[in-house]
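The values are calculated or read from the model by the stated rules, or taken from the named source; none is laboratory data. Worth saying up front: this structure is predicted, and the values here are computed from it rather than measured. So basically every Cβ, Gly included, is an ideal-geometry build from the backbone, and we count neighbours across all protein chains shown. Quick note on the areas: whole protein, heavy atoms, side chains included, nothing else; ligands and nucleic acids left out. Shrake-Rupley method; radii C 1.70, N 1.55, O 1.52, S 1.80 Å.
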Amino acid sequence: MRPDVHTLAGAYALDALPGEEQQRFEHHLASCDACDEEVRGLAETAALLGEAAARTPPERLRARVLEEAARTRQQAPSPPRPDPPRPRWWQGGGGLVLAACLVVVLVLAGTAVVQQRRIAELERTEREMAAVLSAPDADTESASPAPGVTVTVVSSRERGALVFSAHGLERLEDEDYQLWLSDPGGGMRSAGVLAVGPDATAAPLLAGDLGDAVGVAVTVEPAGGSEQPTDEPMMSMPLEG
């Protein structure tokens, strides 16, 4: 049984439809304004997602680690003989140089590990966002909470997650925009802090613990975010059940 053509917007925006389904959806798209608007919004969010995941470590990081390692003793020296005693230059300077080189290597190696972990985390987040955008039950909602500001929420109950993106947000000093999930009982759960770039665009944010949330909201909070909202939301939006 073929899926409802209206549910193919997410997969089409990610260029994930097989040839026959793609042709069927494109034929439908020519006469469906709602799907056309949804595809444009999803494609824009997917593009932002790609930019957010395009993080690479410094180009010469690996080369610097290998270079420092090549100049540093890799094995412990043989036990010293009782005589002759080591010259004073070793005690006063050479040993310090070796220790400094070892510290540099350890710092660079540690930096490389951190960078690799960050890249792996970004790749995992990218995959999870793509899964939400292309989910069969993906629901897309857009709103304009203020002049020049637009927000888009793509949620999937099947995946238990949503992707939030926004445009036109003024960059803040010593404050952050924070995304919240609204629960049926009226409670609010933090879904993370929005990263707003110089172009006033917030990088897509994945909220991976959707649960039975009935809405989303954004507040302005002290830098780093808060455990609970400290002010009235600047925008809120219900979520489809």
**Message:** Regarding the stretch 224-241, can at least one residue be identified that is outside any strand (DSSP E or B), free of Cβ contacts under 8 Å to residues at least 40 places away in the same chain, closer than 22 Å to Ala131 by Cα and among the acidic types (Asp, Glu)?
**Reply:** no
**Of all residues making up the stretch 199-236, the number that are touching a helix residue (DSSP H, G or I) at 6+ places or on another chain (Cβ under 7 Å) and farther than 21 Å from Asp174 by Cβ** = 3
**Residue in the stretch 174-206 that is most open to solvent (accessible area, probe 1.4 Å), counting only those that are part of a loop (DSSP other than H, G, I, E, B) and over 20 Å from Gly148 (Cα atoms)** = Asp174
**Asked** For the stretch 153-173, what are the residues that are open to solvent by 30 Å² or more (accessible area, probe 1.4 Å) and within 14 Å of Val214 (Cβ to Cβ)?
**Response** Arg157
**Request:** Look through the stretch 8-58, keep the residues that are modelled with pLDDT of 60 or more and not in a helix (DSSP H, G or I), and return whichever of them is nearest to Leu133 (Cα to Cα).
**Result:** Leu14
**Asked** Looking at (1) open to solvent by 40 Å² or more (accessible area, probe 1.4 Å); (2) closer than 22 Å to Arg124 by Cβ; (3) in a loop (DSSP other than H, G, I, E, B), can you tell me which one Leu210 breaks?
**Response** (1)
**Prompt:** Mind checking which pairs have a first residue in the stretch 179-201 that is under 18 Å from Met235 (Cβ atoms) and a second that is part of a strand (DSSP E or B) and among the basic types (Lys, Arg), Cβ under 6 Å, 6 or more apart or different chains?
**Reply:** Leu181/Arg189
**Prompt:** Looking at the stretch 128-152, which of the residues that are of a type in the set (Gly, Ala, Ser) and in contact (Cβ under 8 Å) with a residue 40 or more places away in the chain is most open to solvent (accessible area, probe 1.4 Å)?
**Reply:** Ser142
